[in-house]
Amino acid sequence: MFYLSQVEQNLKMPPHLLKPSLLDGELEKGIRGELEKRFLDKVITNLGLCISVYDIQSFEGGFIFPGDDGCATYKVRCRLVMFQPFVGEVIVGKIESCDEFGLQVSLGFFSDIRIPERFMVQPCHRGEDGIWVWQFKVDNEEFQYSLDIDEEIRFRVASVKYPPTPVEQSENSEPFSPMEITGYINGDGLGLVSWW
């Protein structure tokens, strides 16, 4: 789910961060701040969501090129803590919402997780209140378990996708998700945590 990814980046440091006090070892703090602005809480295609800058392994340069408004360019090698679950991984999240297509799940820091109807425990249907219900019979006795909002749910990752960035979006379209996770709950030990 979480892993370290090594990244090499040409980083422009604005002139206001290049103070004489930075020569006393403060330059690394300034570089870390600029790396956090660039990567923190952003999705990098095929790497995942950046959670934090773990460390800076090296930086070199500090060259000022014409037309860069006095910015010093450094070549920085750092490690980032990334979130990208692997297919088959079991994760616990909370049901954020539901609609006719399935469930929307949140981990608190990431909420582009969908569990479509076809990947839910069967037989499953939407109740009158719009909440999904798992309804089944055992020995002529009928049971109903509802998948309520804000309940903890254990799901298995079916896929992780990085859709292409849209060039244009209509006003009434949903916000773009740079990383989409699809999960399923139709297996042993999966579903609401309270069921097991």
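Kirkwood-type hydrodynamic radius, region 65-150: 16.7 Å, calculated from all non-identical alpha-carbon pairs. Couplings 3J(HN,Hα) of region 6-15, computed from phi: 8, 10, 10, 9, 7, 10, 8, 9, x, x Hz, in residue order, whole Hz [Karplus 6.51 cos²θ - 1.76 cosθ + 1.60, θ = phi - 60°; x for Gly and Pro]. Among the protein heavy atoms, those of F86 account for about 120 Å² of accessible surface (1.4 Å probe, every chain in place).
Count of lysine pairs in region 17-132 with Cα atoms under 18 Å apart, counting only pairs 8 or more residues apart in sequence or on different chains? Lysine pairs meeting both conditions in region 17-132 amount to 4. Taking amide H as placed 1.01 Å from N in the peptide plane, W132 has its amide H under 5 Å from the amide H of G127, L147, each at least 5 places away in sequence or on another chain.
Dipole size in debye (nearest 20) for the chain around its Cα centre, Lys and Arg Cβ +1, Asp and Glu Cβ -1?
Working: 18 positive and 31 negative charges, 197 e Å.
Charge dipole of the chain: 940 debye, to the nearest 20.
In order along region 92-107, the Karplus-derived 3J(HN,Hα) couplings, from 6.51 cos²θ - 1.76 cosθ + 1.60 at θ = phi - 60°, round to 10, x, 10, 5, 8, 6, 9, 8, 5, 8, x, 10, 10, 10, 10, 9 Hz, and Gly and Pro are given as x.
Taking every protein chain into account, the 1.4 Å probe leaves K29 with about 140 Å² of accessible area, to the nearest ten. Average accessible surface for the chain: 60 Å² per residue, computed with a 1.4 Å probe over protein heavy atoms with every protein chain in place.
A probe of 1.4 angstrom, applied to the heavy atoms of all protein chains, finds W134 with accessible area near 50 square angstrom. Taking Cα atoms only, the orientation of helix 27-39 departs from the longest principal axis of the chain by about 40 degrees. For Rg/Rh (Cα atoms, Kirkwood Rh), one of [x] 1.15; [y] 0.95; [z] 1.03 was computed from the structure I shared and the rest are decoys. Which label? Computed from these coordinates, Rg/Rh (Cα atoms, Kirkwood Rh) corresponds to label [x]. Given the options N186, N172, N46, state which has the largest fluctuation in a GNM of the chain using a 10 Å cut-off (strictly under) for Cα springs. Evaluated over the chain, the most mobile residue of the options is N172. Couplings for region 181-196, taken from phi via the Karplus curve 6.51 cos²θ - 1.76 cosθ + 1.60 with θ = phi - 60°, read 10, 10, x, 9, 10, 9, x, 4, x, 9, x, 4, 4, 5, 5, 10 Hz in order; Gly and Pro are left as x.
By how many nm would the segment from E8 to W196 lengthen if fully extended, with 0.36 nm per residue of separation less the alpha-carbon distance? Spell out each step's value before the answer.
Details: separation 188, 0.36 × 188 = 67.68 nm, distance 4.49 nm.
Stretched fully, the E8-W196 segment lengthens by 63.2 nm.
Take every pair of alpha-carbon atoms less than 8 Å apart whose residues are at least six positions apart; their mean separation over the length of region 92-161 yields a relative contact order of 31 percent.
Can you find, among V90, V121, V7, the residue sitting farthest towards the positive end of the charge dipole of region 1-143, where Lys and Arg contribute +1 and Asp and Glu -1 at Cβ? Checking the options against the dipole of region 1-143, the answer is V7. Averaging 1/r across all pairs of distinct Cα atoms in region 79-129 and inverting the result yields a Kirkwood radius of 12.7 Å. Working from label points 7 Å from Cα in the Cα-to-Cβ sense, the K94 to S106 distance is 0.7 nm. Highest mobility in the GNM of the chain, judged by mean-square fluctuation with C-alpha springs under 10 Å and restricted to D41, D150, D139, is found for D139.
The values are calculated or read from the model by the stated rules, or taken from the named source; none is laboratory data. This one's a predicted model, so the numbers in the text were calculated from it and none came from an experiment. Glycine also receives a Cβ, built like all others from the backbone with ideal geometry; neighbour counts cover every protein chain displayed. Only protein heavy atoms, including side chains, enter the accessible area calculation; ligands, DNA and RNA are left aside. Shrake-Rupley method; radii C 1.70, N 1.55, O 1.52, S 1.80 Å.
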